[in-house]
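The values are calculated or read from the model by the stated rules, or taken from the named source; none is laboratory data. For clarity, every value in this text was computed on a predicted model and none was experimentally measured. Every residue, glycine among them, receives a Cβ derived from its backbone with ideal geometry; neighbour counts consider all protein chains shown.
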Amino acid sequence: MTDEYVEKWLTKARNDIKVAENELSFKVSEIVTEAVCFHAQQAAEKFLKAYLITKNVEFGKTYNLEFLIKLCSKVDVDFQTLDMGNLSFYAVMTHENRPVRPELLKLKVI
């Protein structure tokens, strides 16, 4: 793949980070935690996919961060140290338009 194609993935990932950061700039009572988690998941997914593209690793159509990390780990074992928590849930929940369980919306703001 071309560098331009990879850069498009990276730009989209950085934009997801900007959206999440913008949401986190609000007062805690106004933060839409679901949106922050969704864009964090999207950014992580796109960064991982960009890496896999540079290594010519096929990943198919997936939102599963754990699966993407396993693929990345086959190229570089340092990826095994990453812990995505339950971020993959937010991709599936949002794409399938499922309501979020309230206990999953607790976000520690630092």
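Here's the yes/no breakdown for (1) farther than 20 Å from E23 by Cα; (2) modelled with pLDDT under 85; (3) not β-branched (V, I, T):
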position	(1), (2), (3)
A50	yes, no, yes
C72	yes, no, yes
V77	yes, no, no
P99	no, yes, yes
L105	no, yes, yes
I110	no, yes, no
With the checklist (1) loosely packed, with under 12 Cβ neighbours inside 10 Å; (2) over 23 Å from K18 (Cα atoms); (3) modelled with pLDDT of 70 or more in hand, flag the one item V57 doesn't pass.
(1)
Total residues in region 1-59, condition assigned to a loop (DSSP other than H, G, I, E, B) and touching a helix residue (DSSP H, G or I) at 6+ places or on another chain (Cβ under 9 Å):
7
Hey, any hits in region 24-39 for a residue that's closer than 21 Å to I69 by Cβ, of a type in the set (D, E, K, R) and within 17 Å of the chain's Cα centre (by Cα)?
no
From the residues in region 3-47 that are within 17 Å of G85 (Cα to Cα) and aromatic (F, W, Y), which one is surrounded by the fewest Cβ atoms within 10 Å (Cβ to Cβ)?
F47
As an exercise: evaluate G85 against (1) at pLDDT 95 or above; (2) on the phi > 0 side of the Ramachandran plot and give the number of the one condition it does not meet.
(1)
Given the conditions (1) aromatic (F, W, Y); (2) in contact with a Leu (Cβ under 9 Å, 6 or more places away or on another chain); (3) at pLDDT below 95, which single one is not true for Y63?
(2)
